[in-house]
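Here the structure comes first, spelled out in structure tokens, and everything after it is commentary.
The values are calculated or read from the model by the stated rules, or taken from the named source; none is laboratory data. Here the structure is a predicted model, which is why all the values come from computation and not from measurement. All Cβ positions, even for glycine, are placed from backbone atoms using ideal geometry, and neighbour counts span all protein chains on display.
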Amino acid sequence: MPQGKIYLVATPIGNLKDISFRAIETLQTVDHILCEDTRTSAKLLKSYGIQAKTSSFHDHNKAHKTPAVIKRIQAGENTALISDAGTPGISDPGFYLVREALKEGIEITTVPGPSAFLSALVISGLPTDRFVFEGFLPKKNSRRAERLRQLINETRTTIFYESPHRIKNILPEMMDIVGDRDICLARELTKVYEQIFRGSISGAIKAIDSGGFLVKGELVIILAPKSEKCIQ
Ligand code: SAM
């Protein structure tokens with residue numbers, strides 16, 4: 001039997017309708033779907049009548065699980081990888097699987113689609129010609145401050161993933177280090193409670209303190225480059 005392939009299949013970041021025909025077709029025809037969280041993906045798979053076998057593949061089991069996954073693919077199993085939301089490989093264990101599979105000569109195919117960082121960037125109103133993706137800032141205060149200091153002279157728009165419960169601490173830290181720059185907070189993109197803040201960092205802090213901008217759900221922060229003028 002010929003060796004199977006890995007399909008990196010992008011799934012919606014909130015609105016279940018944001019899935020491609022090819023993504024559905026791929027998920028319907030593969031032998032196995034690796035999900036970051038099988039319970040989270042069950043809703044999506046059920047709504048598109050996808051019945052392939054699923055199993056979990058996340059940060060805590062990736063190292064242990066990858067050799068068995070690769071063995072099954074070498075024996076002919078076509079395998080899709082999906083993350084909880086968006087494009088697998090962006091701030092999730094997808095990169096690890098891709099790197100290990102490439103070492104074994106396994107073919108990787110992409111089925112492209114949504115990613116939260118790109119949707120947030122394009123609606124931010126901040127420059128899109130040059131940007132840098134920083135993913136999640138470090139949890140440790142000293143390492144986070146060090147990372148933010150590296151952005152003092154950044155001339156590209158910077159994108160961060162963040163959890164809403166940390167945003168209240170991070171914004172004042174950011175303002176202390178990079179100054180009161182323009183920022184966009186994009187929350188719950190494509191979902192019913194989508195909310196976007198555009199303005200200065202100090203304005204964002206005020207909006208959060210007054211309850212005008214909610215700190216719930218999922219969030220992307222877009223920070224203006226060093227020299228960007230006020231957008232509001
Ligand atoms: N692979 C995903 C992608 O392509 O966007 C990202 C996975 S990462 C573990 C999850 C982070 O993505 C969240 O903490 C949040 O920062 C961001 N995110 C995911 N869905 C989002 C949404 N609907 N609105 C805003 N941010 C979102």
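Below are the figures for this structure:
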| item | result |
| --- | --- |
| Identity of the residue in region 1-59, of a type in the set (F, W, Y) and more than 12 Å from V111 (Cα to Cα), that ends up modelled with the lowest pLDDT | Y48 |
| Region 117-138, subset assigned to a strand (DSSP E or B) and in contact with a helix residue (DSSP H, G or I) (Cβ under 8 Å, 6 or more places away or on another chain), residue farthest from Y7 (Cα to Cα) | F131 |
| Q3 being over 20 Å from the mean Cα position of the chain (by Cα) and either crowded, with 20+ Cβ neighbours inside 10 Å or not in a loop (DSSP other than H, G, I, E, B) (or both) | no |
| In region 84-116, the residues that are within 21 Å of L16 (Cβ to Cβ) and either aromatic (F, W, Y) or assigned to a helix (DSSP H, G or I) (or both) | G94, A116 |
| Among residues of region 90-120, those that are in contact (Cβ under 8 Å) with a residue 60 or more places away in the chain, under 21 Å from I24 (Cα atoms), within 9 Å of the ligand (Cβ to nearest atom) and aliphatic (A, V, I, L, M), counted | 1 |
| Qualifying positions in region 81-125 - among the charged types (D, E, K, R), modelled with pLDDT of 95 or more and under 16 Å from K65 (Cβ atoms) | R99, E100, K103, E104 |
| Cβ-Cβ under 9 Å pairs, at least 6 apart or on other chains, region 176-190 side assigned by TED's automatic domain parsing to the domain that holds N141 and on the phi > 0 side of the Ramachandran plot, far side among the aliphatic types (A, V, I, L, M) and more than 6 Å from the ligand (Cβ to nearest atom) | G179/I152; G179/I201; E188/L214 |
| Condition broken by T54, with the remaining ones in (1) outside any helix (DSSP H, G or I); (2) surrounded by 13 or more Cβ atoms within 10 Å (Cβ to Cβ); (3) under 19 Å from the mean Cα position of the chain (by Cα); (4) of a type outside the set (G, A, S) satisfied | (3) |
| Tally, over region 27-51, of residues that are in a strand (DSSP E or B) and within 16 Å of the ligand (Cβ to nearest atom) | 3 |
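One line per residue, one yes/no per condition, for (1) closer than 18 Å to F131 by Cβ; (2) under 18 Å from the mean Cα position of the chain (by Cα); (3) at pLDDT 95 or above:
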{"position": "P164", "(1), (2), (3)": "no, yes, no"}
{"position": "L189", "(1), (2), (3)": "yes, yes, yes"}
{"position": "A207", "(1), (2), (3)": "no, no, yes"}
{"position": "F213", "(1), (2), (3)": "no, no, yes"}
{"position": "A224", "(1), (2), (3)": "yes, no, yes"}
